[in-house]
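Engineer: Questions regarding the structure given below will be posed in turn.
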Amino acid sequence: MPRFAANVSLMYAELPFLRRFEAAASDGFAAVECQFPYAFEATEVAAALRDAGLRLVLFNAPPGDLEAGDRGLSAIPGREAEFRSGVERAIGYAAELACPRLHLMAGLAGDEGPAGAGPASRARQRAVYVENLRWAARRLAREGITALIEPINPRDVPGYLLNTQAQAHEIVAEVGEPNLKVQMDLYHCQIVEGDVATKIRRYLSGVGHMQIAGVPGRHEPDLGELNYPYLFELVDALGYEGWIGCEYLPRGGTREGLGWIARWR
C-alpha cells in the first residue's frame, strides 16, 4: 500500500504551522514533509513532531532569498559558498528533526548575470550544478541523508532550470553519487511531459521520493487529468517502498478534502 506523508507547508494552512503536525496525526498520517522549516527553531519543530508522534521525511535546503526571486542555489554560479552554507544549516535541522532526505533546489536559468541563459550560460550553470551536487551528496552521505533534485514545471516556477525526468536522471548519472536521487512529483511530470505511467516505469529505480497533486489545479488528487488510483497501484506493483508526499493545495478545509485517501488505508 502507498505510504502518504502530508505536506504541512501546503496542507492545514487554516492552522498555525506548528499546530499542523497534530492535525495531520489526527487525520491518520504517520509522516509529514515540509518545504522550508527555517522560520522556526529546529527544537520547536522537533517538539511538534514528537508530540504528534510523526516522522519528518523530507524538507528543502535554504533556497536563497525567495522574496528576491531565488528558487534555489544549486546551479547558480558565484553563490557556491552561500549554497554550501545553506546545506550546512539544513544538516543541523535534519539532525534535530531526524529527517533522512533533503531537496536541493536548482534555481533559475540565467541567474548568473544580465546576459541571460544563452548556450554558454547554460553550460556554466550545468557545470556548477554538477559540482555543487557532488559536494552536497558527499557531505550529506556522511550524515546518512539522501540528496534529492526535482524537475519542476515552468508554469508554476517560470525559468526553473530542471524540468524533465530525463534531465534530472542525466544529472544524477553525471554526478555519480549513490545517495543522490530524483524527487518525482507526478503533478510537475504531467504538466511538463505527460506519459506519467511510462515515466514511472522507466525511472522509478532512481527515485528517492514521490509527490502528488491533482492536475491542473494542484488540489486533491481525486479530480483532474491523472488517474491516481491506477498510478498508486502501479507504483505498488513495481515495488516502490518510499513515501508519497501530498504536496497539494486543499480546495477547502484540509480534513474535509481527505476522502480520497480512505481506500488506501
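The values are calculated or read from the model by the stated rules, or taken from the named source; none is laboratory data. Here the structure is a predicted model, which is why all the values come from computation and not from measurement. Note: ideal-geometry Cβ built from the backbone for every residue, glycine included; neighbour counts use all protein chains shown. Please note that ligands, DNA and RNA were not included when accessible areas were found on the heavy atoms of the full protein model with its side chains. Shrake-Rupley method; radii C 1.70, N 1.55, O 1.52, S 1.80 Å.
Engineer: Yes or no: region 238-246 includes at least one residue that is touching a residue at least 60 places away in the same chain (Cβ under 8 Å), at negative phi, touching a Pro at 6+ places or on another chain (Cβ under 8 Å) and not aromatic (F, W, Y).
Structural biologist: For region 238-246, residues touching a residue at least 60 places away in the same chain (Cβ under 8 Å), at negative phi, touching a Pro at 6+ places or on another chain (Cβ under 8 Å) and not aromatic (F, W, Y): present.
Engineer: For I261, are the conditions met, namely being among the β-branched types (V, I, T), under 18 Å from R3 (Cβ atoms) and either loosely packed, with under 15 Cβ neighbours inside 10 Å or modelled with pLDDT of 95 or more (or both)?
Structural biologist: Values: among the β-branched types (V, I, T): yes; under 18 Å from R3 (Cβ atoms): yes; either loosely packed, with under 15 Cβ neighbours inside 10 Å or modelled with pLDDT of 95 or more (or both): yes.
Yes.
Engineer: Let me ask something else about it. Check P151, P158, P216 and return the single one that is touching a Cys at 6+ places or on another chain (Cβ under 9 Å), at pLDDT 95 or above and on the phi < 0 side of the Ramachandran plot.
Structural biologist: Checking each option against the conditions leaves just P151.
Engineer: What number of residues within region 82-102 are outside any helix (DSSP H, G or I) and over 16 Å from the mean Cα position of the chain (by Cα)?
Structural biologist: 1
Engineer: Shifting gears a bit: A98 is checked against (1) in contact with a strand residue (DSSP E or B) (Cβ under 8 Å, 6 or more places away or on another chain); (2) open to solvent by 30 Å² or more (accessible area, probe 1.4 Å); (3) within 25 Å of A262 (Cα to Cα); (4) not acidic (D, E) and fails just one. What number does that condition carry?
Structural biologist: Condition not satisfied by A98: (3).
Engineer: If I ask for residues that are open to solvent by less than 10 Å² (accessible area, probe 1.4 Å) and in a loop (DSSP other than H, G, I, E, B), which ones from region 52-62 would you list?
Structural biologist: If the condition is that a residue be open to solvent by less than 10 Å² (accessible area, probe 1.4 Å) and in a loop (DSSP other than H, G, I, E, B), then A61 is the only one that fits.
Engineer: Within region 49-71, how many residues are over 21 Å from G242 (Cα atoms) and within 13 Å of the chain's Cα centre (by Cα)?
Structural biologist: So the answer is 3.
Engineer: Right, something else. Within region 221-237, can one find any residue that is without any contact (Cβ under 8 Å) to a residue 60 or more places away in the chain, open to solvent by less than 10 Å² (accessible area, probe 1.4 Å) and of a type in the set (S, T, N, Q)?
Structural biologist: Within region 221-237, not a single residue is without any contact (Cβ under 8 Å) to a residue 60 or more places away in the chain, open to solvent by less than 10 Å² (accessible area, probe 1.4 Å) and of a type in the set (S, T, N, Q).
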